[in-house]
């Protein structure tokens, strides 16, 4: 893409000559004799600045520092006469990349500009790749990695937007995006399909004179999607941009590949854990029932005697036994889930029922509930009892994350082209940290004092046994979004 250069010099003749030379070198030049105008230019858009050292009322060093306050890594070349080289060296010590002496020597001008741009791009791209590597290493949440890839692609290539497409059930689905929303998805999807077909990055015409660049996400089983960016008009991607996009797409592909491998390992581990959970639940069920009976009997005896202090202690024992009984019941449900009894289920009615139950369990005064149901949604072929269990857990979690004035949004959508039903549960509550999100489906992991740590795992198990998928997105302090996708034509029965 064309590099953007800012030139500031109060000598109009030098300013015009520099602008002409830089434009001949292929740069997009913003030239001004007024430092205030330079500072008023769009922040964060320049790749390089050439600033005269001696200007009034703001000198070049002061202007450079003001520019760095808005764009910290902007390389600045200080322009100076021979008599002020010592001052220019001081400017370098204060943050300038280098200095240029007047009158300019063309080869020196070209060489120092090239070195400044190369250093800036190398530093920036290295940081982006390091950040992506850290994200990939620190979280097993593929959605978080794909978000980071999309954002890095926008930042590094300075594109208008970036989208990560993933192939699901024969259709390209946008899984993450950054930048401005696209005016139309068709062109981006077509670019993704072309990149997957050729197996290498491709470019094609975008909207309003821009350019679409797409790089395939290649995993062991072949192309699994594509990373697509779209530039603004007249911003033509260069070889560096294509190479960088290919690097970012490989990071996204690695995340997808790791997800496939983790799912394979998880399936085997969960099968073994399910068998063990069934055995443990069976062994604990009867002793806990006896303890519950003894605790209730003790409560009744102490109540008749009027021993209030001991009665409170007995109540705590009974409550703890009840909690353990709940854990055992969930262990049994996880270890040996019942066979699905499918029948037509109206999602809107089921969600309304679950919302009422969630409110009864977690009242949460002052919470706004928004229902956004798609009237076109057909009845789902599902086990209402099992699906209710999963949805209720998600809704209770959402209400627990909210404070007075918070909003809970429950929405459904129908995609006739893929014959997929979508349920979205979203809150603007406390959200989750990256560590908590990465462990959201871990068995027995909970942030609640009275939680069992099984609810999310069971919810996902229910959805997957219906042939669907459950995904969670969350940021600390910004809320949580849970999306359930259910295929309308999933097979009958269940594990």
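What number goes with the only condition from (1) modelled with pLDDT of 75 or more; (2) under 13 Å from residue 214 (Cα atoms) that residue 151 does not pass?
Just one mismatch for residue 151, condition (2).
Name the one entry in 66, 31 that is in contact (Cβ under 8 Å) with a residue 24 or more places away in the chain and surrounded by 16 or more Cβ atoms within 10 Å (Cβ to Cβ).
Among 66, 31, only 31 is in contact (Cβ under 8 Å) with a residue 24 or more places away in the chain and surrounded by 16 or more Cβ atoms within 10 Å (Cβ to Cβ).
Kindly indicate whether any position in region 218-232 is at pLDDT below 85, out of contact with any helix residue (DSSP H, G or I) (no Cβ under 9 Å at 6 or more places or on another chain) and either within 26 Å of residue 442 (Cβ to Cβ) or surrounded by 12 or more Cβ atoms within 10 Å (Cβ to Cβ) (or both).
Checking region 218-232: not a single residue is at pLDDT below 85, out of contact with any helix residue (DSSP H, G or I) (no Cβ under 9 Å at 6 or more places or on another chain) and either within 26 Å of residue 442 (Cβ to Cβ) or surrounded by 12 or more Cβ atoms within 10 Å (Cβ to Cβ) (or both).
Working only within region 149-191, note down all residues that are closer than 26 Å to residue 3 by Cα and free of Cβ contacts under 8 Å to residues at least 60 places away in the same chain.
151, 155, 177, 178, 179, 180, 181, 182, 183, 187, 188, 191
For residue 241, work out the one condition from (1) at pLDDT 85 or above; (2) over 25 Å from residue 481 (Cβ atoms); (3) crowded, with 21+ Cβ neighbours inside 10 Å it doesn't fulfil.
Condition (1) is where residue 241 drops out.
So, residue 319, is that one at pLDDT below 70, part of a helix (DSSP H, G or I) and either out of contact with any helix residue (DSSP H, G or I) (no Cβ under 6 Å at 6 or more places or on another chain) or not assigned by TED's automatic domain parsing to the domain that holds residue 217 (or both) or not?
So residue 319 fails the test.
From (1) in contact (Cβ under 8 Å) with a residue 12 or more places away in the chain; (2) under 21 Å from residue 462 (Cα atoms); (3) in a helix (DSSP H, G or I), pick out the condition that doesn't hold for residue 359.
(2)
Which is assigned to a strand (DSSP E or B) and either under 30 Å from residue 468 (Cβ atoms) or in contact with a helix residue (DSSP H, G or I) (Cβ under 9 Å, 6 or more places away or on another chain) (or both), of 193, 153, 215, 148?
After applying the criteria, what remains is 215.
Would you mind stating whether residue 475 is over 25 Å from residue 148 (Cα atoms) and modelled with pLDDT under 90?
Working: over 25 Å from residue 148 (Cα atoms): no; modelled with pLDDT under 90: yes.
No; evaluated as a whole, the condition is false for this residue.
Considering every residue within region 132-139, establish whether at least one is over 20 Å from residue 232 (Cα atoms), outside any helix (DSSP H, G or I), touching a helix residue (DSSP H, G or I) at 6+ places or on another chain (Cβ under 9 Å) and modelled with pLDDT under 55.
Within region 132-139, the subset over 20 Å from residue 232 (Cα atoms) is 132-139.
Now restrict to residues that are outside any helix (DSSP H, G or I): 139.
This time we only want the ones that are touching a helix residue (DSSP H, G or I) at 6+ places or on another chain (Cβ under 9 Å), so: 139.
Checking which are modelled with pLDDT under 55 leaves us with 139.
Within region 132-139, one or more residues are over 20 Å from residue 232 (Cα atoms), outside any helix (DSSP H, G or I), touching a helix residue (DSSP H, G or I) at 6+ places or on another chain (Cβ under 9 Å) and modelled with pLDDT under 55.
Which residue is modelled with the lowest pLDDT, if the candidates are limited to region 478-495 and must be under 22 Å from the mean Cα position of the chain (by Cα) and more than 15 Å from residue 421 (Cα to Cα)?
478
Could you tell me whether region 381-397 includes any residue that is within 14 Å of residue 455 (Cβ to Cβ) and touching a strand residue (DSSP E or B) at 6+ places or on another chain (Cβ under 6 Å)? Step through it out loud before you land on a result.
Initially, region 381-397 is screened for residues within 14 Å of residue 455 (Cβ to Cβ), giving 386, 388-397.
Restricting the remaining residues to those that are touching a strand residue (DSSP E or B) at 6+ places or on another chain (Cβ under 6 Å) gives 394.
Yes.
Inspect region 445-460 for any residue being modelled with pLDDT of 85 or more and surrounded by fewer than 18 Cβ atoms within 10 Å (Cβ to Cβ) and give the result as yes or no.
no
Yes or no: residue 266 surrounded by fewer than 17 Cβ atoms within 10 Å (Cβ to Cβ), at pLDDT 70 or above and outside the structural domain of residue 149 (by TED's automatic domain parsing)?
Details: surrounded by fewer than 17 Cβ atoms within 10 Å (Cβ to Cβ): yes; at pLDDT 70 or above: no; outside the structural domain of residue 149 (by TED's automatic domain parsing): yes.
So residue 266 fails the test.
The values are calculated or read from the model by the stated rules, or taken from the named source; none is laboratory data. The shown structure was predicted, so the numbers you read here are calculated from the model rather than taken from an experiment. Cβ coordinates were reconstructed from backbone atoms using ideal geometry, including for glycine residues, and neighbour counts include every protein chain displayed.
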